[in-house]
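One structure is given here, and the rest of the page talks about it.
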Amino acid sequence: MKTKVLIVDDSAYTRQTMKKIIEEDAALEVVGIATDGIDAMAKALRLQPDIITLDFEMPGMDGFSFLRWLMRERPTPVIMVTSHADSKTVFKALELGAVDFIAKPTRRASVELQTIEKDLLRKIKGLKNIRLDILSKNLELLDQEEEDGVVHAGKGRTSKHAVEIVAVGSSTGGPAALQIILTRLPSDFKAAMVISQHMPKGFTAPLSERLDRMSQIKIKEAAEGDIIEPGTVYICPGGQHLSLKNRGNRKQVALKEGRFEDKYIPSVDHMMSSVAEHYGVASMGVILTGMGNDGKHGMLDIKTRGGYTIAESEETAVVFGMPAEAIKNGGVETILPLSEIPAEIIRIVNNPHIRGRL
């Protein structure tokens, strides 16, 4: 059975371009096109689409109002279609229940349209089995205050090595998951952290700025040559890959542009493998929600070199693809629901002789 897609956009060019891209895939079908929020409401109820692509700047009822209505009346996976100029509104939409986004197609370059085509088709097909109930629970978790209390360690294996760096990989559902983790890290967090979140150019800077404002630790978009410092989080810029390089006895960020043929940009595998190479037993890998298998090799590299690895469990992952692949590949030591991952990271990083759980 074909996946049914409803396109909601007031731009005729965008509607035509996206319809053409989607219908080139035999497994997908555009069941309708809506030009504003009111039109979209009627067609969402009548056509029962599996996935909706949604523009946010529309006359009449805008995309935000429609999204609020949709998640209340007929929860459906929504992919935002947004321009780089609207990057800061992306995170508001994700908080309202949108599951992912793509950059808005323009007339400027055929290369750009090829990139959008690849991204759009991969995301539509990957969202077929998304868990909207889990997404809703995770969004509720964002509004909860962190519970007070002492965190007790399990009787797992011990290690003489302190964790100096935590490498985190995420994709669909990742911004909310990252917020849940980063806002719960204390100001005296003793390790550095590097993050690769699948996201296009222009969106990781506002993501970093937003998370930095909400958190006790320093969070920044990584830049070429950044010195890796304890208590600082470096988010890989969209459209690039992050690795590490030596500068004397210190480590620096090294960035390189992604290529069109790369399956995942930024690459979690690329980042984690570099972290494993440079830090070995002093590294930790964390794989969160996301479609595909990015991170499965990098997690195994970290574990093989004596580092500690955590995967988000199926009960909280909006898309269990990336964690499931890392688990199947043998690269995961501990599997935890999202709400328990921050405490586990803090426990291992700030208490270096504790490793593992009951």
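Please treat every number below as a calculation from the coordinates, not as lab data. Quick caveat, the model's predicted, so the values are computed rather than measured. Cβ sites come from the backbone with ideal geometry, for glycine too, and all protein chains shown count toward neighbours.
List of remarks:
- Dimensionless Rg ratio for the range 200-358, taking C-alpha atoms and the 2.2 N^0.38 Å reference: 1.01
- Rg/Rh for the chain, where both radii come from Cα atoms and Rh is the Kirkwood radius: 0.98
- Beta bridges assigned by DSSP with both partners in the chain are antiparallel in approximately 15 percent of cases.
- 0 to 90° range, to nearest 10: angle between helix 87-96 axis and the chain longest Cα axis: 90 degrees
- Ranking of R15, R74, R213, R305 by count of other Cβ atoms within 10 Å, fewest first: R213, R74, R305, R15
- Reachable lysines from K328, criterion Cα separation under 27 angstrom, eight or more residues apart if same chain: K118, K123, K125, K128, K137, K155, K263, K296, K303
- Where labels lie 7 Å past Cα in the beta-carbon direction, separation of S65 and Y13 in nm: 2.6 nm
- Cα long-axis angle, helix 12-23 against the chain (0 to 90 degrees, to the nearest 10): 70 degrees
- Under 5 Å from the amide H of G292 lie the amide H atoms of G321, M322, each residue being 5 or more positions distant or on a separate chain, with H modelled from the backbone and absent for Pro and chain starts.
- Exposure proxy for D269, D50, D100, D188: other Cβ atoms within 10 Å of each Cβ, ordered fewest to most, give D188, D50, D269, D100.
- Solution diffusion estimate, µm²/s, Stokes-Einstein, the range 3-129, Kirkwood Rh from C-alpha pairs, 20 °C, viscosity 1.002 mPa s: 150 µm²/s
- Here the range 205-244 is scanned for amide nitrogen atoms under 13 Å from the site 7 Å beyond the Cα of S187 along Cα-to-Cβ, giving 215-218.
- Angle of helix 268-279 to the longest C-alpha principal axis of the chain, folded into 0 to 90 degrees and rounded to 10: 10°.
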